[in-house]
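Visitor: Dropping a structure here in structure tokens format, bear with me for questions.
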Amino acid sequence: MTTEVCNGNINSSWKNGVVLISGAGLIGLTIAHMLEKLSIPYSIYDRDENENFRGQGWGITLHWALEDFLSLLPAELHKDIYESEVLENFHMKDTGNFMFINAGTGETVVRIPPTKRLRVRREGIRKTLLKDMNVHWGCEAESVEINQDASDVNKRVSVTFHNGKTLQGGMFIDCEGRSSLTRKLANPEHPEACTLPYKFVGSIVELTPEEYHALAAKYDPLLFQGTIPSSGTFFWFSLLSSPTHNGTSNYKCQVNISWKLADGVANLPFASVKEAFAEVSKRTTGLHESLVVLRDKLLKTGEKDYMELCLGDWPFAEWDDYNGLLLLAGDAAHAMVMYRGEAANHGIADAKLLEGLL
Ligand SMILES: Cc1cc2nc3c(=O)[nH]c(=O)nc-3n(C[C@H](O)[C@H](O)[C@H](O)COP(=O)(O)OP(=O)(O)OC[C@H]3O[C@@H](n4cnc5c(N)ncnc54)[C@H](O)[C@@H]3O)c2cc1C
């Protein structure tokens, strides 16, 4: 398999060969745009058959890395990034707070005033980042070999895909996310992320404008989180899209419930959605009346919108970067649970840091 290079203008002072980017998620694509701007040759590929292969949707708040993110992209994409906002033009009048509530009483526990932020549909910004981007789909990297001494700079890295084909280049960036297959080269002792002892189930629910506006007025138009103290259950609400973007007359929102497993209990997936919802019903009996509509809608969702996530992160590791030939970025380097709301911001910081080093 030849290395098909993505950008046309090649920076003649670049002597490190083609940069191979494994993974066309937000971070792989951001790095690709950064390399494009610098006229550094790269090739980006992804295991999926196409960009719509799997559900790509949830909301992401870009905050402390927002300016860096925009600086890495061509100016003509900025407008579309802003148009991916979950609530159109909300950034122009952002009066929202990040609120942590007592989901049993509906009272606010902590209210953090907004800083500059943009809450976007992940699917929307990914589509924007994919514009004019030549991704090689259907290429699942299984292993990477590094030969630092190869005299031909474009033979220093060889990636082998699941279909047996190989691709060669001068440098490799693993942007494969939390289930990275090639991270094992950097950290063979811990080839897989650690599973955390939490259950996490959720769903996309539709709220009528009246239902949505009542919650937005009482809590926040974009997102809030809290706990139900009587069952030690975490409750999460976030807006995914407004009628303007989703083509319905309703607001689409994400409702998630999570809880810590008792010591020694294995973190296994539920046998069925029915079994998961029975547990959710039990755990949300103490929910405040203003939130019951969310729980009831969650329990009515079908398999299509049901989501069960296995939370995990990487153990601390010192890794060999083979003199800069093997880099990790985004969730492949530092997966974080979504409660922190900043994993993508950290991935963007990786891309910005790399820009400064090239
Ligand atoms: C519900 C939820 C809410 C979140 N909210 C926020 C938030 O508010 N703010 C924030 O900053 N972050 C948030 N995050 C985290 C954020 O979504 C991730 O950090 C970010 O999307 C990770 O991007 P990535 O490109 O590193 O990985 P991914 O998006 O996982 O992309 C990895 C890509 O690599 C491909 N791939 C995988 N393995 C291979 C392989 N072997 N070969 C080739 N391709 C491969 C995959 O198909 C995928 O396209 C949230 C996450 C969730 C789940």
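Visitor: Looking only at residues that are free of Cβ contacts under 8 Å to residues at least 12 places away in the same chain and outside any helix (DSSP H, G or I) in the range 303-358, which one is farthest from the ligand (Cβ to nearest atom)?
Guide: The extreme case among them is E318.
Visitor: Can you give me the number of residues within the range 92-116 that are open to solvent by 30 Å² or more (accessible area, probe 1.4 Å), within 15 Å of the ligand (Cβ to nearest atom) and either in contact with a helix residue (DSSP H, G or I) (Cβ under 7 Å, 6 or more places away or on another chain) or part of a strand (DSSP E or B) (or both)?
Guide: 4
Visitor: Please verify whether the range 39-61 includes one or more residues that are of a type in the set (A, V, I, L, M, F, W, C), closer than 23 Å to D350 by Cα and touching a Lys or Arg at 6+ places or on another chain (Cβ under 8 Å).
Guide: Yes, some residue in the range 39-61 is of a type in the set (A, V, I, L, M, F, W, C), closer than 23 Å to D350 by Cα and touching a Lys or Arg at 6+ places or on another chain (Cβ under 8 Å).
Visitor: Going through the range 23-59 one residue at a time, which ones are within 9 Å of the ligand (Cβ to nearest atom) and either in a loop (DSSP other than H, G, I, E, B) or of a type in the set (F, W, Y) (or both)?
Guide: Within the range 23-59, G23, A24, G25, Y45, D46, R47, D48, E51, F53, R54, Q56, W58 meet the criteria.
Visitor: Of all residues in the range 188-207, count the ones that are part of a loop (DSSP other than H, G, I, E, B) and buried (at least 18 other Cβ atoms within 10 Å of the Cβ). Steps first, answer last, please.
Guide: Going residue by residue through the range 188-207, those that are part of a loop (DSSP other than H, G, I, E, B) are 188-193, 196-197.
Subsequent filtering for residues that are buried (at least 18 other Cβ atoms within 10 Å of the Cβ) retains 193.
The number of residues fulfilling the criteria is 1.
Visitor: Can you name the number of the only condition in (1) part of a strand (DSSP E or B); (2) open to solvent by less than 10 Å² (accessible area, probe 1.4 Å) that L129 fails?
Guide: (1)
Visitor: Follow-up question, since we're still on this one. Which ones in the range 60-83 are more than 10 Å from the ligand (Cβ to nearest atom), surrounded by 14 or more Cβ atoms within 10 Å (Cβ to Cβ) and in a loop (DSSP other than H, G, I, E, B)?
Guide: Correct list: L73, E83.
The values are calculated or read from the model by the stated rules, or taken from the named source; none is laboratory data. All of these numbers come straight from a predicted model, not from anything done at the bench. Note that we place each Cβ from the backbone using ideal geometry, even for glycine, and neighbour counts take in every protein chain shown. Remember, those area values only see protein heavy atoms, side chains included, never the ligands or the DNA or RNA. Shrake-Rupley method; radii C 1.70, N 1.55, O 1.52, S 1.80 Å.
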